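Visitor: Encoded as structure tokens, here's the structure I'll be asking about.
The values are calculated or read from the model by the stated rules, or taken from the named source; none is laboratory data. Since this is a predicted model, take the numbers as computed values, not measurements. When we count neighbours, we look across all protein chains shown, and the Cβ atoms used for this are built from the backbone with ideal geometry, even at glycine. Heavy atoms of the whole protein, side chains included, go into the accessibility calculation; ligands, DNA and RNA do not. Shrake-Rupley method; radii C 1.70, N 1.55, O 1.52, S 1.80 Å.
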Amino acid sequence: MQVKIIDHPLIQHKLSLIRDVKTGTKEFRELLEEVSMLMAFEITRNMPLEETVVETPLTTCKCQVLSGKKIGVVPILRAGLGMVNGIVKLIPAAKVGHIGVYRDHETLKPVEYYCKLPTDVAERELIVIDPMLATGGSSAAAIDMLKARGAKQIKLMCLVAAPEGIKTVNDSHPDVEVYVAAVDSHLNEQGYIVPGLGDAGDRIFGTK
Ligand SMILES: O=P(O)(O)OC[C@H]1O[C@H](OP(=O)(O)OP(=O)(O)O)[C@H](O)[C@@H]1O
Ligand SMILES: O=c1cc[nH]c(=O)[nH]1
Ligand SMILES: [Mg+2]
């Protein structure tokens, strides 16, 4: 199982609050945004830098700046939307594409309904985001859609994963690095992650 678990104490603390059934919509959204920012901080750890010269009030000095690598953030609708703001606050130059996929409640198979991406998707390093990686069907389908449109460099960032979902993505897309804050125990009969956090989309948007 190829997965990077980002287990920074702040992330683990906030994830515990997110999981709590007593956490309401407002706090859930705020925490998810904060955790997404913290996870993005880790994922971008190896972004390339280049040297530049900066004039300070005292003198000039050699400094490092990002070398202009283009980033794309691709939320899987709906729940992935809850992770966008935290990331684009950290990487304001990132462009945002949207992929609409929902999981059929009966079959648990992904149903695709929307795709709008930056035109230069093939040149961007893409971070696909979705809080939940359950069977992995939705994320694998989203990555298929991106590759069919020319995307080459893709990372997947999820909050909570089931082992089944990580395996699905590893098997179908071995080139895609998977980052999560936690790997949970298993899926229940309805395909929900246990212990999980319930239905992420419903908790973000206050639906049922
Ligand atoms: O790994 P999977 O088994 O495919 O399940 C995970 C998917 O299920 C949830 O979306 P959902 O279908 O509830 O859509 P929503 O975000 O619109 O609520 C979640 O946000 C993932 O996209
Ligand atoms: O536990 C789960 C599984 C799929 N989608 C969710 O929102 N939660
Ligand atoms: Mg949902």
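Visitor: Among the residues of segment 119-130 satisfying the criterion of being open to solvent by 20 Å² or more (accessible area, probe 1.4 Å) and touching a residue at least 40 places away in the same chain (Cβ under 8 Å), which is nearest to Pro195 (Cα to Cα)?
Guide: The first filter runs over segment 119-130 and keeps only residues open to solvent by 20 Å² or more (accessible area, probe 1.4 Å), leaving 119-120, 122-123, 125.
Add one more test, that the residue is touching a residue at least 40 places away in the same chain (Cβ under 8 Å), and what stays is 120, 123, 125.
Values: Asp120: 39, Glu123: 38, Glu125: 32 Å.
The residue in question is Glu125.
Here's the yes/no breakdown for (1) surrounded by fewer than 17 Cβ atoms within 10 Å (Cβ to Cβ); (2) away from ligand 2 (no atom under 16 Å from the Cβ); (3) modelled with pLDDT of 95 or more:
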residue: Thr52; (1), (2), (3): yes, yes, yes
residue: Glu55; (1), (2), (3): yes, yes, yes
residue: Ile87; (1), (2), (3): no, yes, yes
residue: Met132; (1), (2), (3): no, no, yes
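Visitor: Another question about this same structure. Please verify whether segment 96-118 includes one or more residues that are in a helix (DSSP H, G or I), buried (at least 16 other Cβ atoms within 10 Å of the Cβ) and under 18 Å from the mean Cα position of the chain (by Cα).
Guide: Within segment 96-118, the first condition is being in a helix (DSSP H, G or I), and the residues that meet it are none.
No, there is no match, as no residue in segment 96-118 is in a helix (DSSP H, G or I), buried (at least 16 other Cβ atoms within 10 Å of the Cβ) and under 18 Å from the mean Cα position of the chain (by Cα).
Visitor: How many residues does segment 159-208 hold that are open to solvent by less than 10 Å² (accessible area, probe 1.4 Å), without any contact (Cβ under 8 Å) to a residue 60 or more places away in the chain and touching a strand residue (DSSP E or B) at 6+ places or on another chain (Cβ under 6 Å)?
Guide: Total meeting the criteria: 4.
Visitor: Next question. Kindly list the number of the only condition in (1) surrounded by fewer than 13 Cβ atoms within 10 Å (Cβ to Cβ); (2) of a type in the set (Asp, Glu); (3) more than 17 Å from the chain's Cα centre (by Cα) that fails for Asp7.
Guide: (3)
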